[in-house]
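Everything below concerns the one structure shown next.
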Amino acid sequence: MFSSPFSDDNDRDRTVSITLTDDTGRTLECYIEHSLSVDGQEYVLLLPVDSPIEVFAWEGEDEEEEAVLVEDDATLDEIFSTAQAVLSEQNLVLKNTAYALTVAGELPAVDESELFTLEIEDDETDLEPEQLQLLASFYHQEQEYAIYTPLDPLLFFARITKNGEPELLSPEEFRKVQPLLEEQLFNEVE
């Protein structure tokens, strides 16, 4: 994932899209935000067509409650139909897509009182807190869950393989080429 140096009013070609596929065969349709070539290798910066969401389970008591990101596929599969029903009340369609769950449809306007700031602790990097907007909450087997969408875009970096297919960069590969990609992106934006 990468923070975008592009402003929302940039002219982007929203008709060019590409499909990422994960190891399980799930797909994620993405717009190509930017493409560039570094040392003969083509890279693309991708933005999902649909809005990514994150599901949190609220754990603990009263003031000690803590939001824990639900990353376990078995749990997500178990609560998927309930989450889908709750989101459909807002005319949003929940999709079990590759790399991130997404929703299709128009998101509600940002309400400051519905924002949640997620502090990410990582010893290796100094990550900015992530702001998330609450879309819905529900209970499943006496456990409270909340569905949020990030306010910042979720972006993916991929390389284009010899057969023209996008392939996500591993974290190690991304760290290696990140300075070159950022330099070229920022030079092109200026």
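The values are calculated or read from the model by the stated rules, or taken from the named source; none is laboratory data. Nothing here was measured: the structure is a model prediction, and the numbers come from that model. Positions of Cβ are backbone-derived with ideal geometry, glycine not excepted, and every protein chain shown enters the neighbour counts.
Considering only residues that are of a type in the set (A, V, I, L, M) and loosely packed, with under 15 Cβ neighbours inside 10 Å, look in region 139-183 and name the one that is farthest from the chain's Cα centre (by Cα).
Step one: filter region 139-183 for residues of a type in the set (A, V, I, L, M), giving 146-147, 151, 154-155, 158, 160, 168-169, 177, 180-181.
Okay, now just the ones that are also loosely packed, with under 15 Cβ neighbours inside 10 Å, so 151, 180.
Numbers: LEU151: 10, LEU180: 23 Å.
Filtering first and then ranking leaves LEU180.
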Report summary line: Pairs returned, first residue in region 71-95 that is in a helix (DSSP H, G or I), second residue that is loosely packed, with under 14 Cβ neighbours inside 10 Å and β-branched (Val, Ile, Thr), beta-carbon separation under 9 angstrom, 6 or more apart or interchain, are ASP73/THR24; GLN84/VAL93; LEU87/VAL93
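Would a scan of region 151-171 turn up a residue that is part of a helix (DSSP H, G or I) and either out of contact with any strand residue (DSSP E or B) (no Cβ under 8 Å at 6 or more places or on another chain) or not assigned by TED's automatic domain parsing to the domain that holds ASP23 (or both)?
yes
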